[in-house]
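Take a look at the structure set out below.
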Amino acid sequence: MDLQNFFKKHVDKILFWSGIIFSLTQLIVPMFFQHLLDIQVRALHVALGVSIALLHCPFRQGEENNNDRSYLWDIFLIAIIAIACINAISKALGIYMNPGGATTFDLVLGTALMIIVLEAARRTVGPAIPIIVTLLFLYIYVAPHLGGIWKIRGLSFEFIMNSIYFSPLGLFGSVTGMSATFIAMFIIFGSLLSATGGGKTFIDLALALTGRFVGGPAKAAVVSSALFGSISGSSVANVMVTGSYTIPLMKRLGYRPEFAGAVEAIASSGGGITPPIMSITAFMMAEFLNISYMKIIGYAILPCILFYTGVFSGVHFQTKRRGLSAVPEEEIPKWKDILTFERMAGLIIPTVILLYLITVGQPLLKAGFYASISTIIILAICDFTKGKIKETPQKILSALAEGGADVARIVPILVSVSVLVNLIGITGIAPKISGLILRHGGSNVFIALLVATIVPFILGTSLPVVPTYVLSVSILVPPLLKIGIDEVAAHLFFIYWAILGGVTPPTCTAAVAAASISKGDWVKTGLNAIKLGAVAFILPYFFALNPSLVGRGPLPSILCHGVTGFVGSIAIAYGFFGFGKGVAALMSRVLFLVGGILLLFPNVGVSIAGGIAVVVAFVWNRALLKRERILVDGGINIEKNNQS
């Protein structure tokens, strides 16, 4: 049997066991082989991750069917990856001792590896990253002929590839280092946690909490997506897991497909900023800022509350406006069936262990490892108590295989971003963009923030959250710090904008995923998600201007701005989804919207004006609604009199 036919016949088994091997490698090597040099650990990570990504993602979309796909080319690329990474592992000490001392053979291998990594990134997330890298290479060769700040000295190809391959930067840089250690660890932890039945438990918890109330199905979607999204860290994965249940439920109870999909899309996107686990970006933020992850959780709580207040309120008002019912009583899970050891232990105990280890100062890698091991133990105990211990090995292997595949899909993206960060450094683009921001917005913080929004907004519509965040931080945080923006607020600013790309047209991946389940129009789904998430689109500017909104300030200030922000979030939601017909009602809702935005301002006087505007809008809108009810009741009475 030739190699092509062997792969066609056994590809599922190869992918399954390669995922398990990769997961075990990521659990064991960084923890117990600490005598290895960083480059050696990173090269091993690149070799396994990029190779598995090539096998998972075909050259062309639509070739997933084994009969239509040739594996010989992928096998050839994997062989080159293996040679290039083994070469880096064997010469790791020399790379540290003599960076830039690559031979011609090293340069050829490095160039080939970079091209293959970019190809793997193209297969996983599309052409955006390879295009950006290509543009940076073009800039390097064109820049010596430019004028002004954009002119740089000529850089040889040998110098560039030495920096990318034969140095602790580029392919084996710090972003790759994060990917090879705690990022991989937490992705695997999330897969193991999901194997405990977390998705269904979160949905049942959400239904039990909100199902009986107005807008129960949509509110359950918000709560379950927030809970599950804090584990998965992926808005699309969140939509596919929780949305497969909540979206059909919402449609069955009267919600339009586009609105049902929008609720799931925006709620799933917010999972990445929901404590306590949040997402990979939060762990990276802690690493970048060199502060405790527990502090990151504290800083993220208030923005998260305001985000979901806006979404929850929008769902409530839209449901009331359309007169939709709650979830039928017989479909609401009983608390006694949810709050059992078998269902809750797998979620609570590993999470508590993780947070405890982080709290006492253990590294993220060690905390993630012991949390993962505890998840496996709890899974085995729960299966034993249910008499299903024979199923445990298969559950664990499946979770490891899925975790390994998830890590593999993100490896080429993060390694490509590591190359991009290196190219940004050697070209000096970051300080040039900083100069532009300071020149055009240095005297006006609002303009500086608007300019700084452009990069993550564009990147976020075509790239996942992690690369968008890393690239934005690399380029744009320094100028924002120079104009007085708080460093924590600056990082959260870019995390929010990276996340919002998932619901922002033209790509809006989370909205597209939700529309595929709801069978609605994906553009309308995206636009509805933007309306529901209006607070999230406004909030980053205000916590950049007012660090109290991220818990950075005196306690009275945090409480005061938290309360005004809470009221403002509800007012903004009412502005989009409030009641009333006619021009007057529309104007009252516009006043709600304006007042809500003003309540988020850091200036006390502006916030007071916003509060007054909201009160006036409330009284005005109530009077209009009362008048509408009188007219309707009067019409009914007239009709009855005519009939009599």
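Descriptive notes on the structure:
- The number of residues in the range 24-43 being more than 21 Å from Ile373 (Cβ to Cβ), open to solvent by 30 Å² or more (accessible area, probe 1.4 Å) and touching a residue at least 60 places away in the same chain (Cβ under 8 Å) comes to 2.
Results for (1) in contact (Cβ under 8 Å) with a residue 24 or more places away in the chain; (2) over 30 Å from Gly314 (Cα atoms); (3) more than 22 Å from the chain's Cα centre (by Cα), shown as yes or no for each residue.
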| site | (1), (2), (3) |
| --- | --- |
| Lys336 | no, yes, yes |
| Arg343 | yes, yes, yes |
| Gly346 | yes, yes, yes |
| Pro350 | yes, yes, no |
| Tyr356 | no, yes, yes |
| Gln362 | no, yes, yes |
| Lys366 | yes, yes, yes |
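- Subset of the range 592-610 [closer than 15 Å to Ala573 by Cα and open to solvent by less than 50 Å² (accessible area, probe 1.4 Å)]: Phe592, Leu593, Gly595, Gly596, Leu598, Leu599, Leu600, Gly610
- Test result for Thr181, hydroxyl-bearing (Ser, Thr, Tyr), open to solvent by 30 Å² or more (accessible area, probe 1.4 Å) and more than 21 Å from the chain's Cα centre (by Cα): no
- Consider the range 78-106 and keep the residues that are over 35 Å from the mean Cα position of the chain (by Cα) and among the aliphatic types (A, V, I, L, M). The one that is least open to solvent (accessible area, probe 1.4 Å) is Ala102.
- Of all the listed residues (Ile433, Ile426), the sole one being more than 24 Å from the chain's Cα centre (by Cα), farther than 21 Å from Lys482 by Cα and open to solvent by 10 Å² or more (accessible area, probe 1.4 Å) is Ile426.
- The residues of the range 380-406 that are open to solvent by 70 Å² or more (accessible area, probe 1.4 Å) and touching a residue at least 60 places away in the same chain (Cβ under 8 Å) amount to a single one, Glu402.
- Residue in the range 316-351 that is modelled with the highest pLDDT, counting only those that are in contact with a Ser or Thr (Cβ under 9 Å, 6 or more places away or on another chain) and among the hydrophobic types (A, V, I, L, M, F, W, C): Ile349
- Of the residues making up the range 55-91, those that are in a helix (DSSP H, G or I) and modelled with pLDDT under 95 are Leu55, His56, Asn66, Asn67, Asp68, Leu72, Trp73, Asp74, Ile75, Phe76.
- The listed residues are Val503, Val465, and the only one of them that is open to solvent by less than 50 Å² (accessible area, probe 1.4 Å), among the hydrophobic types (A, V, I, L, M, F, W, C) and under 22 Å from Asn422 (Cα atoms) turns out to be Val465.
- Options Tyr245, Tyr255; residue that is more than 13 Å from the chain's Cα centre (by Cα) and not in a helix (DSSP H, G or I): Tyr255
- Entirely in the range 514-618, the helices (runs of 4 or more DSSP H) that have 1 or more residues that are in contact with a helix residue (DSSP H, G or I) (Cβ under 7 Å, 6 or more places away or on another chain) and over 21 Å from Ser269 (Cα atoms): 534-545, 555-577, 582-599
- Counting only residues that are buried (at least 23 other Cβ atoms within 10 Å of the Cβ) and either assigned to a loop (DSSP other than H, G, I, E, B) or of a type in the set (D, E, K, R) (or both), the range 143-168 holds 1 of them.
- Residue in the range 270-283 that is in a helix (DSSP H, G or I), of a type outside the set (Gly, Ala, Ser) and at pLDDT below 85 present: yes
- The one condition in (1) assigned to a helix (DSSP H, G or I); (2) among the β-branched types (Val, Ile, Thr); (3) in contact with a Lys or Arg (Cβ under 7 Å, 6 or more places away or on another chain) that Ile203 fails to fulfil: (3)
- Within the range 268-299, tally of residues that are buried (at least 24 other Cβ atoms within 10 Å of the Cβ) and in contact with a Pro (Cβ under 8 Å, 6 or more places away or on another chain): 1
- Here is the figure for the range 407-422: residues that are open to solvent by 10 Å² or more (accessible area, probe 1.4 Å) and of a type in the set (S, T, N, Q) total 1.
- Residue, farthest from Met294 (Cα to Cα), within the range 335-367, restricted to residues that are surrounded by 13 or more Cβ atoms within 10 Å (Cβ to Cβ) and among the basic types (Lys, Arg): Arg343
For every residue, the table says whether it meets (1) without any contact (Cβ under 8 Å) to a residue 12 or more places away in the chain; (2) of a type outside the set (Gly, Ala, Ser).
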site: Ile447; (1), (2): yes, yes
site: Val455; (1), (2): no, yes
site: Ser472; (1), (2): no, no
site: Pro479; (1), (2): no, yes
site: Thr509; (1), (2): no, yes
site: Trp522; (1), (2): no, yes
site: Leu527; (1), (2): no, yes
site: Gly533; (1), (2): no, no
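- Total residues in the range 368-379, condition touching a residue at least 40 places away in the same chain (Cβ under 8 Å) and either open to solvent by 10 Å² or more (accessible area, probe 1.4 Å) or touching a Lys or Arg at 6+ places or on another chain (Cβ under 9 Å) (or both): 4
- Exactly one residue out of Pro168, Pro144, Pro99 is modelled with pLDDT under 95, touching a Ser or Thr at 6+ places or on another chain (Cβ under 6 Å) and over 18 Å from Val50 (Cα atoms), and it is Pro99.
- Residues within the range 322-334 that are surrounded by 12 or more Cβ atoms within 10 Å (Cβ to Cβ) and either in a loop (DSSP other than H, G, I, E, B) or of a type outside the set (Lys, Arg) (or both), tallied: 8
- Residue tally, condition open to solvent by 30 Å² or more (accessible area, probe 1.4 Å) and under 27 Å from Ile78 (Cβ atoms), over the range 124-136: 6
- Any hit, the range 258-267, residues being surrounded by fewer than 24 Cβ atoms within 10 Å (Cβ to Cβ), in a helix (DSSP H, G or I) and touching a residue at least 40 places away in the same chain (Cβ under 8 Å): yes
- Yes/no for Ala613 being among the small types (Gly, Ala, Ser), at pLDDT 95 or above, surrounded by 13 or more Cβ atoms within 10 Å (Cβ to Cβ) and out of contact with any Asp or Glu (no Cβ under 6 Å at 6 or more places or on another chain): yes
- Val419 meets the conditions (1) closer than 21 Å to Leu24 by Cβ; (2) modelled with pLDDT of 90 or more in every case but one. The failed one is (1).
- Complete set of residues in the range 552-576 that are surrounded by fewer than 22 Cβ atoms within 10 Å (Cβ to Cβ) and more than 12 Å from Leu306 (Cβ to Cβ): Arg552, Gly553, Pro554, Leu555, Pro556, Ser557, Ile558, Leu559, Cys560, Phe576
The values are calculated or read from the model by the stated rules, or taken from the named source; none is laboratory data. Remember, predicted model here, so these are calculated numbers, not experimental data. Virtual Cβ from ideal backbone geometry, glycine too; neighbours counted across all protein chains shown. Remember, those area values only see protein heavy atoms, side chains included, never the ligands or the DNA or RNA. Shrake-Rupley method; radii C 1.70, N 1.55, O 1.52, S 1.80 Å.
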